[in-house]
Amino acid sequence: MGKYFGTDGFRGQSGVDLTAQHAFKIGRFLGWHYSQAGGQAKIVIGKDTRRSSYMYENALAAGITASGANAYLLHVTTTPCVSYITRTDGFDCGIMISASHNPYTDNGIKLMNGDGEKMDDALQDEIEKYIDGEIEEIPFATGENIGCTVDYYTGRNRYIGYLANVATKSFENRKVALDCANGSSWMIGRAVFDALGAKTFVINNEPNGTNINRGCGSTHIEGLQEFVKEKKVDVGFAFDGDADRCLAVDENGNVVNGDQIMYICAKYLKKIGQLPSNTVVTTIMSNFGLYKALDRIGIGYEKTAVGDRFVYENMKENDHLIGGENSGHVIFRKYARTGDGILTAIMVMMVMIETQLPLSVLASEVEMYPQVLKNVVVDDKKATMDDPAVKLQVEACMAELGDQGRVLLRPSGTEPVLRVMSEASTYEICEKHVDAIIESMKKNGHLLKIK
């Protein structure tokens with residue numbers, strides 16, 4: 001993790017942590033870097049609906065063209081759309097302007113390589129050096145070498161067509177509700193589901209620049225739950241601000257999370273012979289119930305660090321086809337290089353149609369274990385985790401739980417915080433083990449406060 005770029009791009013409060021000057025310099029470096037091979041490089045840009053996204057789009061395009069490359073604008077679109085267009089239309093790299101599920105006051109710049117994958121850390125490190133003035137100034141292009149800005153909205157339309165062609169069955173007679181979080185999917189979601197024949201209901205599809213993710217979308221799914229019950233629709237899908245996440249709501253208004261979605265889709269793919277590695281890639285935060293359910297049907301799993309980037313890297317390295325996070329980032333590597341909320345919704349719909357089962361029945365095979373997670377501020381993360389007394393307490397909790405639960409102690413990547421989590425058959429048992437681990441930190445002088 002660098003000074004500016006984390007596991008999911010350069011993110012922070014607009015105008016404070018992330019400024020237009022940052023965006024301009026990122027554009028300058030990328031335009032110069034990708035033009036070194038000769039000719040004018042092609043860089044495609046998408047954005048979400050935040051007010052500041054327009055500012056960053058202009059700053060990036062100015063930087064790119066000032067370095068002699070061409071900037072292609074997809075305008076408001078999703079992160080997976082940028083990834084798809086980057087790899088299929090021969091772009092040198094792609095840029096998505098979004099802070100995902102964060103409030104509108106934040107924004108971010110996500111960088112992708114020519115294959116539509118998250119950009120290598122080494123190149124992002126070079127960009128950081130340029131931002132901080134540690135690399136000598138890049139020359140400005142002049143005359144006919146100055147780049148052009150190109151309206152590329154047709155790329156967005158091709159992505160819509162691509163998604164519609166993924167489905168092999170019509171969604172006719174299916175009533176589907178979409179919560180677009182007043183974000184990137186506000187037009188694309190309806191276009192795709194209407195094209196597939198669904199009777200589509202859309203909520204939170206009136207972005208005004210400041211209402212993205214506000215009380216809606218995958219991080220505030222209560223509104224969709226009520227809508228599904230009130231309108232008696234077959235299923236609901238909630239996306240986040242840039243639509244790389246999807247959570248579902250069954251016909252009874254119950255939430256179906258990313259772990260359950262992975263199980264449903266993996267089981268079906270195995271049944272039809274499209275899960276060749278017989279493995280699902282998860283993060284260490286996936287629910288214990290998912291692993292129990294996968295064990296029952298004979299599907300293996302691997303665990304990575306938290307972050308869809310790590311999930312995708314494992315999938316690519318080991319040729320796995322499905323993976324993701326319980327937050328709703330689900331990757332279907334046959335079709336995409338990143339989590340894709342609309343694609344995930346299509347895949348769930350396909351299972352429902354092929355099996356003729358409602359989502360509540362499909363999801364019921366995964367018994368989600370109660371979970372307690374507490375964030376604690378400590379004096380030193382590493383020293384606390386390495387403390388023999390803390391380690392002994394963690395081991396004691398794991399031994400007591402056996403195969404009926406687990407505990408997890410992991411550091412935050414950005415704060416002086418440790419995350420203490422337990423899953424077990426009841427919340428009382430979870431609380432008991434989390435508190436026991438925290439108490440061991442307190443006894444040894446590490447605990448500052450519980451957040």
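Computed from the coordinates by the stated procedures, all read-outs in this text should not be read as laboratory data. Here the structure is a predicted model, which is why all the values come from computation and not from measurement. Positions of Cβ are backbone-derived with ideal geometry, glycine not excepted, and every protein chain shown enters the neighbour counts.
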Relative contact order (percent, whole number), the stretch 61-153, Cα cutoff 8 Å, 6+ residue spacing: 43
Normalised contact order of the stretch 371-450, rounded percent, pairs of Cα under 8 Å and 6 or more residues apart: 44
Within the chain: Cβ-based charge dipole about Cα centre, in debye rounded to nearest 20 (Lys, Arg +1; Asp, Glu -1): 760
All-pairs alpha carbon distance profile, the stretch 82-179, 5 Å steps from 0, percent: 2, 9, 11, 15, 18, 17, 11, 6, 3, 3, 2, 1, 0
Nearest-20 debye value, the stretch 5-157 charge dipole, Cβ charges on Lys, Arg, Asp, Glu: 580
Label zone at Ser425 (point 7 Å along Cα-to-Cβ), backbone N below 17 Å, the stretch 265-309: 288-290, 292-293
Estimated inter-spin distance, Lys374 and Gln13, nm [label 7 Å along Cα→Cβ]: 2.9
5 Å-binned pair-distance histogram of the stretch 321-446 (Cα, whole percent): 2, 10, 15, 15, 13, 12, 11, 10, 7, 3, 1, 0
Mean-position separation - Cα centroids, the stretch 55-94 and the stretch 201-216, in angstrom: 24
Size of charge dipole - the stretch 167-363 - debye, nearest 20, with Cβ of Lys, Arg +1 and Asp, Glu -1, no other charges: 460
Residue among Ser425, Cys180, His101 farthest towards the positive dipole end of the chain, charges placed on Cβ: Cys180
Thr86, Thr105, Thr65 arranged by Cβ crowding within 10 Å, fewest neighbours leading: Thr105, Thr65, Thr86
Most positive-pole-ward Cα, Gly445, Val390, Val407, against dipole of the stretch 371-450 from beta carbon charges: Gly445
P(r) of the stretch 89-134 over all Cα-Cα pairs, binned every 10 Å from zero, in whole percent: 24, 42, 31, 2
Residues Thr78, Thr283 arranged by fewest to most Cβ contacts within 10 Å: Thr283, Thr78
Value at 222 nm in deg cm²/dmol, rounded to 500, when DSSP H runs of n ≥ 4 in the chain each add -39,500 (n - 2.57): -12000 deg cm²/dmol
Mean-position separation - Cα centroids, the stretch 108-167 and the stretch 228-294, in angstrom: 31
Value of relative contact order over the chain, rounded to a whole percent, pairs C-alpha under 8 Å and six or more apart: 12
Qualifying chymotrypsin sites (Phe, Trp or Tyr not before Pro) for the stretch 139-200 [loop in DSSP, other Cβ within 10 Å: at most 14]: Phe140
Over 22 Å (Cα to Cα) - which of Lys118/Lys169; Lys25/Lys110; Lys229/Lys267; Lys374/Lys432; Lys110/Lys449 fall in this group: Lys118/Lys169; Lys229/Lys267; Lys110/Lys449
Quotient of C-alpha Rg and 2.2 N^0.38 Å, computed over the stretch 167-363: 0.96
Environment charge of Val377, counting only residues whose C-beta is closer than 13 Å and scoring Lys/Arg +1, Asp/Glu -1: +3
